[in-house]
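Here's the structure we're looking at; comments come further down.
The values are calculated or read from the model by the stated rules, or taken from the named source; none is laboratory data. Values in this document were obtained by computation on a predicted structure and should not be read as measured data. As a convention, Cβ positions derive from the backbone with ideal geometry for all residues, glycine included, and neighbour counts pool all protein chains shown.
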Amino acid sequence: MFENQHVIYAAEQYFIYRGGVYCEMSEMEAQRLVQEKMLVKETTMSQIVDAEKQWRLLAQRGIRELNANPYIINVRNGLYNVLEDTLTEHTPDYCSTVQLNANYDKTADCPRFKKFLVESMGGDMEQVGLIFNNDVPVLYTLTKCIIFR
């Protein structure tokens, strides 16, 4: 059953893979999934709980496996690698539990953010240029500070 379902258990919590991200799943939902695979006439609650606990052992992951690469940002249309400036397809092999509600668009412009930087740097375009010349790592650092505060 574990091979057919993209479910992991980490940090005392089940997670199920849906839409490119691992979402929290209750213990009751895990037991329901287990029960669906069992013979109806022969199923008791103790058997369901026992099977769910055995499944938990198989699905167990270390907490460090969740969102393991700090340079990968999970967005709606894929996994964006900040260091490589690449977007790859979602995969259940990367245990991401956070997905930004935005698509990555390499051609997108950010006029409000640029205006904010100009104002924050007191109009010093040389300072603003330093940020945009190194754009990906610096902007990523700023974004991570804002998102995970």
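Per-structure values
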{"read-out": "Residue match in segment 22-33 (condition: closer than 24 Å to HIS6 by Cα, surrounded by 12 or more Cβ atoms within 10 Å (Cβ to Cβ) and touching a helix residue (DSSP H, G or I) at 6+ places or on another chain (Cβ under 6 Å))", "value": "yes"}
{"read-out": "From MET38, MET28, residue being more than 16 Å from GLN99 (Cα to Cα) and in a helix (DSSP H, G or I)", "value": "MET28"}
{"read-out": "Residue among VAL118, VAL82, VAL138 that alone is at pLDDT below 80 and over 22 Å from ALA10 (Cα atoms)", "value": "VAL138"}
{"read-out": "Qualifying positions in segment 50-66 - within 13 Å of the chain's Cα centre (by Cα) and crowded, with 17+ Cβ neighbours inside 10 Å", "value": "LEU66"}
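For (1) in a loop (DSSP other than H, G, I, E, B); (2) outside the structural domain of TYR14 (by TED's automatic domain parsing); (3) exposed (fewer than 13 other Cβ atoms within 10 Å of the Cβ); (4) more than 22 Å from the chain's Cα centre (by Cα), each residue gets a yes or a no:
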| site | (1), (2), (3), (4) |
| --- | --- |
| TYR80 | no, yes, no, no |
| HIS90 | yes, yes, no, no |
| SER96 | yes, yes, no, no |
| LYS106 | yes, yes, yes, no |
| ARG112 | no, yes, yes, yes |
